[in-house]
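Trainee: One structure follows; several queries about it will come next.
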Amino acid sequence: MEQHRTRRGTVPLPPQTGRGGAGDARRGNGSVRAGRADPPRRPAPRLPKPARSPLSAPPPAVGRRMPNPRLTGLGTGLFAVLVMVTLGWLERLLLGASPTAQTAYGVLFLPVCVLCGLWVRRADLVAAPVVVPIAFAVGVLPLAKDGEGPGARLMALATALATQVGWLYGGTLLAALTVLVRRLVLVARRRRATARR
């Protein structure tokens, strides 16, 4: 009877099944603990990024602000004619029909030829060297000396073209070289793209 008596408030221990009973019980407790699903962890709140000062900001790309239009052959011709006619009338108003005005006209013709070669689209590259001589001839009309009758005007135009033939050939050559360089770059890019495939 004394064996079955237990103290009040105490719980009897389960019988041990062997030497490995305690270890098995511990392993069982560990497995139960391991099997419990941990509560999901809350992500740590992200701190706001510090505002960049205007001095640390990267400088804007200059190439993006540069104009990069693509003109058709007709658009390139209209652009060249309008610019050269405007330059011819401005020089006529400022300097008159003088050799100085014609020389300034020839100098300004060179950057117009380069722009025509750069801005014409790829499908109409050949149009740039063709339209710039026409634009030069049309724009030089205001700089030709006035004469009586259409024959005298025609002779004045031929004289102005003859005296400015160096600028005419130089500008046409610049336009042709610009178009040629663009063509070579385009062919090289196509070959690189084909090689990568």
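Trainee: Go through 183, 192 for me and flag whichever is within 22 Å of the chain's Cα centre (by Cα) and more than 23 Å from residue 69 (Cα to Cα). Spell out how you get there, then give the answer.
Mentor: On the way: 183 fails: more than 23 Å from residue 69 (Cα to Cα).
Among 183, 192, only 192 is within 22 Å of the chain's Cα centre (by Cα) and more than 23 Å from residue 69 (Cα to Cα).
Trainee: Let me ask something else about it. Looking only at residues that are without any contact (Cβ under 8 Å) to a residue 40 or more places away in the chain and part of a loop (DSSP other than H, G, I, E, B) in segment 120-148, which one is surrounded by the most Cβ atoms within 10 Å (Cβ to Cβ)?
Mentor: 147
Trainee: Could you tell me whether segment 185-194 includes any residue that is touching a helix residue (DSSP H, G or I) at 6+ places or on another chain (Cβ under 7 Å) and either assigned to a loop (DSSP other than H, G, I, E, B) or loosely packed, with under 11 Cβ neighbours inside 10 Å (or both)? Working first, answer last.
Mentor: From segment 185-194, those touching a helix residue (DSSP H, G or I) at 6+ places or on another chain (Cβ under 7 Å) are 186; that's our starting set.
Going one step further and asking which of them are either assigned to a loop (DSSP other than H, G, I, E, B) or loosely packed, with under 11 Cβ neighbours inside 10 Å (or both), we end up with none.
Looking through segment 185-194, none of the residues is touching a helix residue (DSSP H, G or I) at 6+ places or on another chain (Cβ under 7 Å) and either assigned to a loop (DSSP other than H, G, I, E, B) or loosely packed, with under 11 Cβ neighbours inside 10 Å (or both).
Trainee: Might you let me know whether segment 92-103 holds any residue that is basic (Lys, Arg) and surrounded by fewer than 16 Cβ atoms within 10 Å (Cβ to Cβ)?
Mentor: Going residue by residue through segment 92-103, those that are basic (Lys, Arg) are 92.
Within this subset, residues satisfying the condition of being surrounded by fewer than 16 Cβ atoms within 10 Å (Cβ to Cβ) are none.
Checked against the condition, which is being basic (Lys, Arg) and surrounded by fewer than 16 Cβ atoms within 10 Å (Cβ to Cβ), segment 92-103 yields no hits at all.
Trainee: If the requirement is being open to solvent by less than 60 Å² (accessible area, probe 1.4 Å), of a type outside the set (Asp, Glu), more than 18 Å from residue 69 (Cα to Cα) and at pLDDT 85 or above, which of these qualifies: 151, 117, 171?
Mentor: On the way: 151 fails: at pLDDT 85 or above; 117 fails: more than 18 Å from residue 69 (Cα to Cα).
When all the criteria are applied, what remains is 171.
Trainee: Output the number of the condition that residue 80 fails; it satisfies all remaining conditions of (1) in contact (Cβ under 8 Å) with a residue 40 or more places away in the chain; (2) of a type in the set (A, V, I, L, M); (3) farther than 17 Å from residue 166 by Cβ; (4) surrounded by fewer than 14 Cβ atoms within 10 Å (Cβ to Cβ).
Mentor: Here residue 80 clears every test but (4).
To keep it simple, each residue is scored yes or no on (1) within 19 Å of residue 72 (Cα to Cα); (2) not acidic (Asp, Glu).
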position	(1), (2)
100	no, yes
105	no, yes
114	yes, yes
119	yes, yes
124	yes, no
129	yes, yes
137	no, yes
142	no, yes
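Trainee: Which members of segment 154-168 meet the condition of being surrounded by 12 or more Cβ atoms within 10 Å (Cβ to Cβ) and touching a helix residue (DSSP H, G or I) at 6+ places or on another chain (Cβ under 8 Å)?
Mentor: Scanning segment 154-168 gives 157, 160, 161, 163, 164, 167, 168.
Trainee: Out of (1) at pLDDT 85 or above; (2) over 27 Å from the mean Cα position of the chain (by Cα), what's the single condition that is false for residue 161?
Mentor: (1)
Trainee: Could you please let me know if residue 97 is in a loop (DSSP other than H, G, I, E, B) and either free of Cβ contacts under 8 Å to residues at least 12 places away in the same chain or hydrophobic (A, V, I, L, M, F, W, C) (or both)?
Mentor: Details: in a loop (DSSP other than H, G, I, E, B): yes; either free of Cβ contacts under 8 Å to residues at least 12 places away in the same chain or hydrophobic (A, V, I, L, M, F, W, C) (or both): yes.
Judged against the criteria, residue 97 is a match.
The values are calculated or read from the model by the stated rules, or taken from the named source; none is laboratory data. Predicted model only: the values in this text are computed from it and were never measured. In this analysis, Cβ positions are derived from the backbone assuming ideal geometry, glycine residues included, and neighbour counts consider all displayed protein chains. For accessibility, only protein heavy atoms count, side chains too; no ligands or nucleic acids. Shrake-Rupley method; radii C 1.70, N 1.55, O 1.52, S 1.80 Å.
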